[in-house]
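First comes the structure, then the notes that go with it.
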């Protein structure tokens, strides 16, 4: 049996996809993954439904695959789209053979087995349905690791609590066990994900304890943590991250806005003064950290003055990386009932202004790397040309930030090298390979960069 899979949306979705694939291949051990959906017996689409653009992308993907579906192929749709539009999808998409949410259960497994009469199942798996068994679909040197599910924050613009439920932390022992399995597989970079990592807790332990424990229990070179709620970031956590050499000096703290009025309307639990204190401390006491944030423009009631407050804050902090969304008015969210909606064209224009400001900030901040020698992890040939290699520093998260183009030297994918930066652009760096880095040499070069 051959399986074709499309995983849309965030890294948390990818992990759900990997767990589902692991369970299916446990049932059908002779199965394999194919990159050609025409050649597949089983087609799986893991969907996203966070905003309208994601809904549209998910539906378009399903319809494209349904249009070319041949007799005997089984089309499975899973994920957030089904959790959000269950009844509508079942009614409107008869081409889909099986729907389910984020995790397989025995009922879904039975449907898959019944839909593939020519395939002989080995067993109904017990392990693999609730983690940590996964089929890693990222490059074999890096992986994501989910430390919690759902969210108990009540932001007025967000569907996550409705789609994925309240926050449920994974036990620390389970997280460490999965980390050890990833290390055995040769993984060199692990990105820990959850909707709000700062809310993780287990047995009176908090995120600071988690960071310390995973850092001490593994030889994996880069440990990266994504999505910190500003309210949960404190000095103890930052000092712990700064002290651990294998923890990437990278903070992703989505602020959403910097206007007190808009933050209150969004249901955020902080104001602009809290944000200023936090980021001033970060820049003064932890200058080695790269800062990433996400902001939203066009929220109901956002005046030009509110927007200018946001722009001023972005310019004041000088974020290394920034993502910007135009507000999407979804029926199920509380903010859809707020007055003073912003026209879509104004929201889009404000988004473009934010990104233009951030482009200049990024361009200027990258200049500090010119002439420096830093460790990078090579990802393979560049998408633009085989004449260049693509790599990342610890200050660049996979799939969302800029990259390092290498135009001189030979390097192996999934290996660390010391690279001298020779050019800088708006979001990317260019460099030449100096030498490979392993063990103590990697730690030494990395430590010098943190000073």
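Are any residues in region 431-451 outside any helix (DSSP H, G or I) and surrounded by fewer than 18 Cβ atoms within 10 Å (Cβ to Cβ), and if so, which ones?
Initially, region 431-451 is screened for residues outside any helix (DSSP H, G or I), giving 431-438, 450-451.
Those that are outside any helix (DSSP H, G or I) and surrounded by fewer than 18 Cβ atoms within 10 Å (Cβ to Cβ): 432, 434, 435, 436, 438, 450, 451.
If residue 303 passes every condition in (1) surrounded by fewer than 19 Cβ atoms within 10 Å (Cβ to Cβ); (2) touching a helix residue (DSSP H, G or I) at 6+ places or on another chain (Cβ under 8 Å); (3) free of Cβ contacts under 8 Å to residues at least 40 places away in the same chain but one, which one does it miss?
(2)
Give me the residue from region 159-171 that is buried (at least 19 other Cβ atoms within 10 Å of the Cβ) and at pLDDT 95 or above and, out of that set, nearest to residue 338 (Cα to Cα).
In this case the residue turns out to be 167.
Filter region 112-123 down to the residues that are over 31 Å from the mean Cα position of the chain (by Cα), part of a helix (DSSP H, G or I) and touching a residue at least 24 places away in the same chain (Cβ under 8 Å) and list them by number. Reasoning before the result, please.
Looking only at region 112-123, we keep the residues that are over 31 Å from the mean Cα position of the chain (by Cα), and these are 113-123.
Applying the additional criterion that residues be part of a helix (DSSP H, G or I) yields 113-115.
Listed by number, the residues that qualify are 113, 115.
Could you check region 334-357 and list, in sequence order, the residues that are buried (at least 19 other Cβ atoms within 10 Å of the Cβ) and closer than 15 Å to residue 300 by Cα? First the steps, then the outcome.
First, pick out the residues of region 334-357 that are buried (at least 19 other Cβ atoms within 10 Å of the Cβ): 335, 342, 347, 350, 354.
Within region 334-357, 335, 342, 347, 350 meet the criteria.
Checking the structure you have, find out if any residue of region 35-45 is buried (at least 17 other Cβ atoms within 10 Å of the Cβ), in contact with a strand residue (DSSP E or B) (Cβ under 9 Å, 6 or more places away or on another chain), in contact (Cβ under 8 Å) with a residue 60 or more places away in the chain and outside the structural domain of residue 162 (by TED's automatic domain parsing). Steps first, answer last, please.
Step one: list which residues in region 35-45 are buried (at least 17 other Cβ atoms within 10 Å of the Cβ), which gives 37, 40-45.
If we keep only those that are in contact with a strand residue (DSSP E or B) (Cβ under 9 Å, 6 or more places away or on another chain) as well, we get 37, 40-45.
Add one more test, that the residue is in contact (Cβ under 8 Å) with a residue 60 or more places away in the chain, and what stays is 41-42.
This time we only want the ones that are outside the structural domain of residue 162 (by TED's automatic domain parsing), so: 41-42.
Scanning region 35-45, I find at least one residue that is buried (at least 17 other Cβ atoms within 10 Å of the Cβ), in contact with a strand residue (DSSP E or B) (Cβ under 9 Å, 6 or more places away or on another chain), in contact (Cβ under 8 Å) with a residue 60 or more places away in the chain and outside the structural domain of residue 162 (by TED's automatic domain parsing), so the answer is yes.
Which residues, taken from region 327-377, are free of Cβ contacts under 8 Å to residues at least 40 places away in the same chain and touching a strand residue (DSSP E or B) at 6+ places or on another chain (Cβ under 6 Å)?
355
In region 281-302, which residues are more than 24 Å from the chain's Cα centre (by Cα) and within 22 Å of residue 158 (Cβ to Cβ)?
Selection gives 300, 301, 302.
Test of understanding: among 50, 82, 28, 100, which residue is over 30 Å from residue 323 (Cβ atoms) and outside the structural domain of residue 194 (by TED's automatic domain parsing)?
Details: 50 fails: over 30 Å from residue 323 (Cβ atoms); 82 fails: over 30 Å from residue 323 (Cβ atoms); 100 fails: over 30 Å from residue 323 (Cβ atoms).
So the residue among 50, 82, 28, 100 that is over 30 Å from residue 323 (Cβ atoms) and outside the structural domain of residue 194 (by TED's automatic domain parsing) is 28.
If I ask for residues that are under 19 Å from the mean Cα position of the chain (by Cα) and not in a helix (DSSP H, G or I), which ones from region 178-219 would you list?
Hits for region 178-219 are 187, 188, 189, 190, 191, 192, 193, 194, 195, 196, 200.
The values are calculated or read from the model by the stated rules, or taken from the named source; none is laboratory data. The structure presented is a predicted model; accordingly, all values stated were derived computationally and were not measured. A quick note on method: Cβ atoms are made from the backbone with ideal geometry, for glycine too, and the neighbour counts reach across all protein chains shown.
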